[in-house]
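Participant: The following block contains the structure, expressed as structure tokens.
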Amino acid sequence: MGIPLYIIDAFTENRFAGNPAAVCPLTEWLDDKTLQSIAEENNLSETAFFTRETGVFRLRWFTPKVEVNLCGHATLASAHVLFEHLKYKGSQIIFETKSGQLTVKKDGDLLLMDFPAYKPLPINMPEQLIQGLGSKPIEVLQSPETFLAVYDNEDDILSIAPDFNLIEKLDMNCVIVTAKGSNSDFVSRFFAPKMGVPEDPVTGSAHCTLIPYWSEKLNKTSLYAIQLSKRRGELYCEYLDGRVSIGGKAVTYSIGEINF
């Protein structure tokens, strides 16, 4: 039995940039242990699996360590596989997921994802977070499973050298650091060592929190964002009150097959 395996660079139009995701279309579900083993073997920040159901696709995401509730770049990569390789002809793709129904529409060379919005709330600054990031933010906010640490400028974000051992011990799964951008509306980085992803190259789901925050701060609903990992990535964002639109490009790196 062979399972198709696509490696897609998401949130970029250039290979070797953006965030690589593995995508495995399935005709039927494998057991969870096998799904997790495939994700561990792929050793990318996310492996996406989907099956076709009546009118929708059932989509799940796994890091090398755990299954997650929401992933942006692997959703974008899955839509790219459906539109570009599996020749899906609909105007939009509907994914059923652990985070509810997510849709992806094609708009020229952009794929636009409709995701939930998570407005972060201010909290007292955890000392262990400051130690883990190595520098004190202006403020710290919290959204589901996530600390959001805000800094003065883009250089502050670039200079952060996280202590992943300390960050892994925090009571949140994820840490976003962000600041106003020099050539974009805002920039960010994303750390999730507890989930098996020390630093994620480009994180669509983080923008469910970032977009509401920066939309309010900058008093605008359409935003252009850059994630400042080594590979970098671009995101075209819009705040729609209870939802966010996260747009990005994608390019295929490789196509193969998993042998069983």
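Participant: Regarding the range 232-242, can at least one residue be identified that is at positive phi, buried (at least 16 other Cβ atoms within 10 Å of the Cβ) and modelled with pLDDT of 95 or more?
Facilitator: Step one: filter the range 232-242 for residues at positive phi, giving 232, 241.
So of that shortlist, the ones also buried (at least 16 other Cβ atoms within 10 Å of the Cβ) come out as 232.
Checking the rest, the ones that are also modelled with pLDDT of 95 or more come to 232.
Within the range 232-242, one or more residues are at positive phi, buried (at least 16 other Cβ atoms within 10 Å of the Cβ) and modelled with pLDDT of 95 or more.
Participant: While we're on this one: With the requirement that a residue be under 30 Å from ILE138 (Cβ atoms) and of a type in the set (Gly, Ala, Ser), what does the range 81-123 give you?
Facilitator: SER99, ALA117
Participant: Then there's this: Within the set of pairs 6 or more residues apart or between chains, which connect a residue that is at positive phi inside the range 179-205 to a residue that is aliphatic (A, V, I, L, M) with Cβ atoms less than 7 Å apart?
Facilitator: GLY196/VAL66
Participant: Condition first: out of contact with any Pro (no Cβ under 6 Å at 6 or more places or on another chain), over 19 Å from THR146 (Cα atoms) and assigned to a helix (DSSP H, G or I). Can you find one or more residues in the range 222-245 that meet it?
Facilitator: No - not one qualifying residue is present in the range 222-245.
Participant: Checking the structure you have, find out if any residue of the range 172-190 is surrounded by fewer than 21 Cβ atoms within 10 Å (Cβ to Cβ), at pLDDT 95 or above and among the hydroxyl-bearing types (Ser, Thr, Tyr). Lay out the reasoning, then the answer.
Facilitator: First, pick out the residues of the range 172-190 that are surrounded by fewer than 21 Cβ atoms within 10 Å (Cβ to Cβ): 172-173, 180-185.
Keeping just the survivors that are at pLDDT 95 or above gives 172-173, 180-185.
Now restrict to residues that are among the hydroxyl-bearing types (Ser, Thr, Tyr): 182, 184.
Yes, because at least one residue in the range 172-190 is surrounded by fewer than 21 Cβ atoms within 10 Å (Cβ to Cβ), at pLDDT 95 or above and among the hydroxyl-bearing types (Ser, Thr, Tyr).
Participant: Continuing with this model, one more query. Please work out if ASP31 is outside the structural domain of TYR236 (by TED's automatic domain parsing) and out of contact with any strand residue (DSSP E or B) (no Cβ under 6 Å at 6 or more places or on another chain). Lay out the reasoning, then the answer.
Facilitator: Working: outside the structural domain of TYR236 (by TED's automatic domain parsing): yes; out of contact with any strand residue (DSSP E or B) (no Cβ under 6 Å at 6 or more places or on another chain): yes.
In short, yes.
Participant: Of (1) in the same structural domain as PHE49 (by TED's automatic domain parsing); (2) surrounded by fewer than 22 Cβ atoms within 10 Å (Cβ to Cβ); (3) modelled with pLDDT of 95 or more, ALA74 satisfies all except one. Which?
Facilitator: (2)
The values are calculated or read from the model by the stated rules, or taken from the named source; none is laboratory data. In this text the structure is predicted, and so the values were computed from the model without any measurement. Quick reminder, even Gly has a Cβ in these numbers, built from the backbone with ideal geometry, and neighbours come from all protein chains shown.
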